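What follows is a single structure, written as structure tokens, with notes after it.
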Amino acid sequence: MRVVAGLCLLIALPLAAQHEKEGEKSKHPFIGDPKAIEAGKKLFANGCGACHGADGQGGRGPNLRAQVFWHPLDDDTLYKAIQKGIGGAMPAANLPEDQAWQVVAFVRSLTAPAFENAPPGDAQAGEKLFWGSAGCSNCHGIRGKGGKLGPDLSTVGAMRAMPDLRDAIVDPDADGAQGYRAVTVKLKNGQTLKGVARNRTNYSLQLQDGQGKLHLISMEDVVEMNVGRGSPMPKDYAKKLTKEQINDLVSYLSRQSVRPAEVAKK
Ligand code: HEC
Ligand code: HEC
């Protein structure tokens, strides 16, 4: 096995050098390709996960999903970093060229818009679930249809990376859910309002109800208030939905972008 890897390295290095010489910003065909990303994910879990976390969330090595803390590397630099290692801290992977590019495709998919990284899954099946049995459209709107309690998802595929979409469904409390805490208030006039707290100060509360209507409430009128912890999204999708169904939903959401279809295909 070691001999094979060594041979591949001999072949891979001159190729990498050639990339370098041309000085081109690589757009390797594996980048954004769902099969390559899936294959890269498995390779990553085996060869990189021990240090970077199985999903790139960080550990001994840095978090590869926290784009803000991370200067994005271009594809060729990423390829080289993986193959040759970084300083003494990160060992060289020495993978066959195709496998190294699969890993690059996966690492890229951790931060690039989901839109550019078609995840595995059946978008049409996801669409059915979204507007049907999964109940997503009770709270979320897409292009003017659907509910208003949760954020509009018309452009979510262009705004979020694939793992963020997945986490939003299976682990909704993870991102803090600022501006969307579930809230119930009892008013002095006997009325009870339920919805999400969009804005809250010591003196007032902006409550958005299930119909999307905003209520500006003065805290002087409030008898009792309950603010939920975390996201108002149901917490049991990870149990209620199968892995395939979650893939299908992520695939459907990843396609939500207002960019025209011709641009989208590139
Ligand atoms: C033994 C632990 C270890 C393993 C295994 C490992 N890494 Fe790293 N990785 C690190 C450390 C530590 C750093 C930070 C190095 C530094 O900045 O000096 C790092 C940095 C990185 C960076 C960021 C480079 C930058 O400049 O922002 C990327 C991308 C990366 N690793 C990808 C991978 C991939 C892909 C694999 C698997 C092929 C992998 N790593 C395997 C420990 C590891
Ligand atoms: C009870 C209402 C409700 C239901 C049902 C619901 N959501 Fe949400 N969702 C929310 C709220 C509120 C937020 C904003 C707070 C947060 O990030 O958790 C949100 C956030 C999200 C986000 C993150 C949006 C962003 O901009 O980052 C995604 C993606 C999402 N939901 C997808 C779904 C999917 C897919 C389903 C169905 C499987 C679903 N939601 C069902 C209320 C709901």
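The values are calculated or read from the model by the stated rules, or taken from the named source; none is laboratory data. Remember, it's a predicted structure, so these values are computed and weren't measured experimentally. Note: ideal-geometry Cβ built from the backbone for every residue, glycine included; neighbour counts use all protein chains shown. Side chains included, ligands, DNA and RNA excluded: accessible areas come from the protein's heavy atoms. Shrake-Rupley method; radii C 1.70, N 1.55, O 1.52, S 1.80 Å.
Which translational diffusion coefficient, to the nearest whole µm²/s, is obtained for the stretch 181-227 from the Stokes-Einstein equation, given a Kirkwood hydrodynamic radius over C-alpha pairs, 20 °C and 1.002 mPa s?
209
Please go through the residue pairs Lys145/Lys243; Lys27/Lys128; Lys42/Lys84; Lys148/Lys243; Lys194/Lys240; Lys80/Lys243 and name each one whose alpha carbons sit more than 23 Å apart in this structure.
Result: Lys145/Lys243; Lys27/Lys128; Lys148/Lys243; Lys194/Lys240; Lys80/Lys243 exceed 23 Å.
Taking all protein chains as present, what is the carbon and sulfur share of the accessible area of the stretch 181-227, in % to the nearest whole number, probe 1.4 Å?
Within the stretch 181-227, the accessible surface is 43 percent carbon and sulfur.
So, R0 is 35 Å and r is the distance between the beta-carbons of Asp122 and Lys194; what FRET efficiency does that work out to, to 0.05?
After rounding to 0.05, the efficiency reads 0.50.
Could you compute the net charge surrounding Arg229? Neighbours are other residues with a C-beta less than 12 Å from the C-beta of Arg229; K and R count +1, D and E count -1.
Combined, the nearby Lys, Arg, Asp and Glu give +1.
Set the Förster distance to 30 Å, then compute FRET efficiency between Asp74 and Asp152 from the Cβ-Cβ distance, nearest 0.05.
Result of the calculation: an efficiency of 0.40.
Probe of 1.4 angstrom, ligands and nucleic acids ignored: what's the accessible area per residue over the stretch 181-227, in square angstrom?
The answer is 66 Å² per residue.
Please report, to two decimal places, log10 I(q)/I(0) for the stretch 77-219 at q = 0.12, 0.16, 0.19 Å⁻¹ as given by the Debye formula with identical point scatterers on the Cα atoms and no solvent.
Normalising to I(0) and taking log10 leaves -0.69, -0.94, -1.15.
Note down the nm distance, to one decimal, between modelled labels 7 Å out along Cα→Cβ at Val227 and at His215.
1.7
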